[in-house]
Amino acid sequence: MVSIYADTSLFVSLYIRDGHTADAERRVASRPALWMTPLHIAEWTHAVEQHVFRKAITRAEADRLADRFAEHCGRGLWKQVALPELALDACARLARKHAGQLGLRTLDTLHLAAALELNAAEFWTFDDRQRKLAQAVGLKAL
């Protein structure tokens, strides 16, 4: 089985309809084992709450999404793992080597660092900067 790390944008698109939802649904249709770290959970929660703040969804809708997300996590739909211990060190190394050229943010490099520390073969994202970084470090990026 191919080990796949998806950044949070994919998970957000699975729960909140946007321009990437169809692609996200297509990617997960084969039921790949996707890692879910505490970073994903924190970032996903912030993304949902940003939708509430912008009044794109209601508080009740956000609560239903959070319940559904928690249920999926509880059922093992996503492969829950801790953020790798050396991910922050790897994040700093990636920033030093690539951030100046690619315009990366901390969370961009942290996701890639986690993927590398987990020995992912593929990195799924809708973010062009993350895709470029994944390719630069030898990951298949979709």
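All of the numbers you see were taken from the coordinates with simple rules; none came from a lab. Keep in mind it's a predicted model, so treat the numbers as computed, not measured. Methodologically, a virtual Cβ is constructed for each residue, glycine included, from the backbone with ideal geometry; neighbour enumeration extends over all protein chains shown.
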Inset, instruction - Normalising by the residue count of the chain, find the relative contact order in percent from Cα pairs under 8 Å and 6+ residues apart. - result: 29 percent
Inset, instruction - Return a whole-number percent for the relative contact order of region 1-75, with Cα pairs under 8 Å and 6 or more residues apart as the contact set. - result: 30 percent
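Below 13 angstrom from the Cβ of L86, what's the summed charge of the other residues (Lys, Arg +1; Asp, Glu -1)? It would help to have the intermediate numbers written out before the result.
Values: positive: R93; negative: E85, D89, E117.
Net of charged neighbours comes to -2.
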Inset, instruction - Report the label-to-label distance for E71 and L88 in nanometres (one decimal), using points 7 Å from each Cα along the Cα→Cβ vector. - result: 3.6 nm
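Dipole size in debye (nearest 20) for region 10-80 around its Cα centre, Lys and Arg Cβ +1, Asp and Glu Cβ -1?
Details: 11 positive and 9 negative charges, 30 e Å.
That gives region 10-80 a dipole magnitude of about 140 debye.
State the extension gain, in nm to one decimal, for the chain segment bounded by E25 and D63, taking 0.36 nm per residue of separation less the distance between their alpha-carbons.
Working: separation 38, 0.36 × 38 = 13.68 nm, distance 2.15 nm.
So the chain would gain 11.5 nm between E25 and D63.
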Inset, instruction - Report the convex hull volume per residue for region 87-141, counting only C-alpha atoms, in Å³. - result: 61 Å³
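So, in the chain, how many Lys pairs have Cα atoms under 28 Å apart, if the pair is 8 or more places apart or on different chains?
Numbers: K79/K132; K79/K140; K97/K132; K97/K140; K132/K140.
Final tally of qualifying lysine pairs is 5.
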Legend entry - Segment Q80-F53, length gained on full extension (0.36 nm per residue, minus Cα span): 6.9 nm
Legend entry - Charge sum, other residues only, whose C-beta stays under 15 Å from T37's C-beta, Lys/Arg counted +1 and Asp/Glu -1: -4
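Using only alpha carbon pairs under 8 Å that are at least six residues apart, calculate the relative contact order of region 87-141 and give it in whole percent.
Values: 59 pairs, mean separation 18.2, N = 55.
Result for region 87-141 is 33 percent.
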Legend entry - Space enclosed by the convex hull of the alpha-carbon atoms of region 9-142, per residue, Å³: 108 Å³
